[in-house]
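Values quoted throughout were computed directly from the atomic coordinates according to the rules given, and no laboratory measurement underlies them. It should be emphasised that the depicted structure is a prediction, and the values quoted were computed from it without experimental measurement. Quick reminder, even Gly has a Cβ in these numbers, built from the backbone with ideal geometry, and neighbours come from all protein chains shown.
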Amino acid sequence: MHKPHVAIIGAGPAGLMAALASARAGARVEIFEQMPSPARKFLMAGRGGLNLTHSEPLDQFVTRYGAARDWLRTILARFTPQQMRDFAAAYGEETFVGSSGRVFPKSFKASPLLRAWLRDLQQLGVVLHLRHSFTGFDDTGALRFATPQGEREVVADACVMALGGASWSRLGSDGRWLPVLQEAGLAVAPLQPANCGFDIAWSPFMEAHAGEPLKSIELQACGHVLRGECVVTQYGLEGGAIYALSSVLREEIARAGFATLQIDLRPDVSVEILAQKLARPRGKQSLSSHLRKSAGLTSAGAAVLRESGPLPSDAQELAQRIKSVCLRLVRAHGLERAISTAGGVQLSQLDEGLMVKSRPGLFLAGEMLDWEAPTGGYLLQACFASGLVAGEAAAAFAARQSPP
């Protein structure tokens, strides 16, 4: 009896989840990964504690996906944040909710979870082929791979592609699949950096502050307001609060050629109180010392304040400037420096099982699809969920193709 055969291309979280779902559904599963080892970007995420998901209610959770929220709603309902926690626990990695609502494994590591996951896949009979780079389809639809031993062709009843976006190319997500799928007739939105920093035309003075944080600030851009923190870089700003605004900032730069970011350096202190403190005699103190002692600004905060233009001598005006520092962002950092990718295969190309409508038997999952999300567990959650949906649908499709 022919056992349904599913090929998975890509051994990141979405691909491994698709493999698990297909194998549990009874398919014979092979994974093809171009790197020498699997899930390299997942392991890199583990260096930051491995933020698996977020604890907020699902109705609020799905709003974090912006324009793709309605499309992703049913997919995320198939594999919820609680199911993510249960998944990790089943592999011996209990999780906890941090003060921000983010969910982490108690070990703060990705490697124990990945090792247990790979062992389970092996016990299910899943075969992992490394150093297999997908190069396209032949005239019959067979999958073509470049390997150290030469070109290889693979015929499967169904295929799940989970090749990631184009950020962190050294870890395997290089976007080389995009022209291949375009040639196959799929509509693909251009890949762009997401969860990225932005360049600002700093003065040379700012170089000394590269790497310093701006904590407990409030940012406004394009009608969006949020609190958080970011980091001064040699070229501009990056970090959590900037990443959360990256999609609207990127779109505004594309529209107008620049984006204006407004920063309240002391959101918990009123203009009036700041003005009273700044009006105290400065004596022989430097301006930096005066700003630190009277307004509570760090050296990085004072430096960013100076970048907004000549500082007024009037205490009231200076307090207002501290509460509303305006900076001009001129470009997004490139894909190589971005955490994730926007753009990809347009969602209208897929059915509810994530199968390409124009190419039956080909399923897509993860970051190669046209959605984006902020950091905070939302990226991994959608990759896992889409992998599960695609893997189950691929196994069902493959079973229908198999002779009795």
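Can you give me the distance in nm between label points at residue 60 and residue 358, each placed 7 Å from the Cα along the Cα-to-Cβ direction?
That separation, rounded to one decimal, is 4.1 nm.
How large is Rg over Rh for segment 283-324, taking Rg from the Cα atoms and Rh as the Kirkwood inverse mean of 1/r across Cα pairs?
Ratio value, two decimals: 0.92.
Using θ = phi - 60° and the Karplus relation 6.51 cos²θ - 1.76 cosθ + 1.60, list the HN-Hα couplings for segment 349-354 in order, rounded to whole Hz, with x at every Gly or Pro.
So the J values, rounded to whole Hz, are 7, 10, 8, 5, x, 6.
Name the residues whose placed amide hydrogens come within less than 5 Å of the amide hydrogen of residue 5, ignoring near sequence neighbours (fewer than 5 apart) on the same chain.
Sorted by chain and number, the residues that satisfy this are 28, 157, 158.
Say each of residue 400 and residue 208 gets a label point 7 Å from the Cα, pointing the same way as Cα to Cβ; how far apart are those two points in nm?
With each label placed 7 Å out from Cα toward Cβ, I get 6.8 nm.
Straight-line reach from residue 284: which lysines have a Cα under 21 Å away, not including same-chain ones fewer than 8 places off?
Cα-Cα hits under 21 Å: 293.
Give, to the nearest whole percent, the P(r) tail of the chain beyond 41 angstrom, counting all Cα pairs.
Counting pairs separated by more than 41 Å, the tail of P(r) holds 24 percent.
About the Cα centre, and with charges only on the beta carbon of Lys, Arg (+1) and Asp, Glu (-1), how big is the dipole of the chain? Nearest 20 debye, please.
1060
Projecting each Cα onto the charge dipole of segment 204-361 (Lys/Arg +1, Asp/Glu -1 at the beta carbon, about the Cα centre), which of 347, 273, 230 comes out farthest on the positive side?
The listed residue farthest towards the positive side: 273.
For the chain, build the charge dipole from Cβ charges (+1 Lys, Arg; -1 Asp, Glu) around the Cα centre, then report which of 369, 44, 285 sits farthest towards its positive end.
285
Full-extension gain between residue 180 and residue 91, please, as 0.36 nm times their residue separation minus the C-alpha to C-alpha distance.
Values: separation 89, 0.36 × 89 = 32.04 nm, distance 3.60 nm.
Answer, rounded to one decimal: 28.4 nm.
So between residue 284 and residue 316, what do we pick up on full extension, going 0.36 nm a residue minus the alpha carbon distance?
Gain on stretching residue 284 to residue 316: 9.4 nm.
Arrange the peptides 23-35, 182-194 so that the one whose residues have, on average, the most other Cβ atoms within 10 Å appears first.
Answer by packing, highest mean first, reads 23-35, 182-194.
In square nanometres, what is one fourth of the surface area of the convex hull spanned by the alpha carbons of segment 256-318?
Here the figure is 4.9 nm², rounded to one decimal.
With an 8 Å Cα cut-off and a minimum separation of 6 or more residues, compute the relative contact order for segment 198-332 in percent.
Contact order relative to length: 32 percent.
Go through 5, 122, 299 and say which Cα lies farthest out towards the positive end of the charge dipole of the chain; charges sit on Cβ, +1 for Lys and Arg, -1 for Asp and Glu.
Going by the Cα projections, it comes out as 299.
How far apart, in nm, are the 7 Å Cα→Cβ label points at residue 115 and residue 258?
According to this spin-label approximation, the distance is 5.3 nm.
Applying 1/(1 + (r/R0)^6) with R0 = 30 Å to the Cβ-Cβ distance of residue 24 and residue 225, what FRET efficiency is obtained, to the nearest 0.05?
0.10
In whole Hz, with x marking every Gly and Pro, tabulate ³J(HN,Hα) for segment 52-61 from phi via Karplus 6.51 cos²θ - 1.76 cosθ + 1.60, θ = phi - 60°.
Values, residue by residue: 6, 7, 10, 8, 5, x, 4, 4, 7, 3 Hz.
Could you pull out every one of the aspartates and glutamates with an alpha carbon less than 13 Å from that of residue 215, ignoring same-chain neighbours closer than 8 positions?
Result set, ordered by chain and number: 229, 238, 264, 268.
If I build a Gaussian network model for the chain, linking alpha-carbon pairs within less than 10 angstrom, which residue out of 132, 224, 333 has the largest mean-square fluctuation?
224
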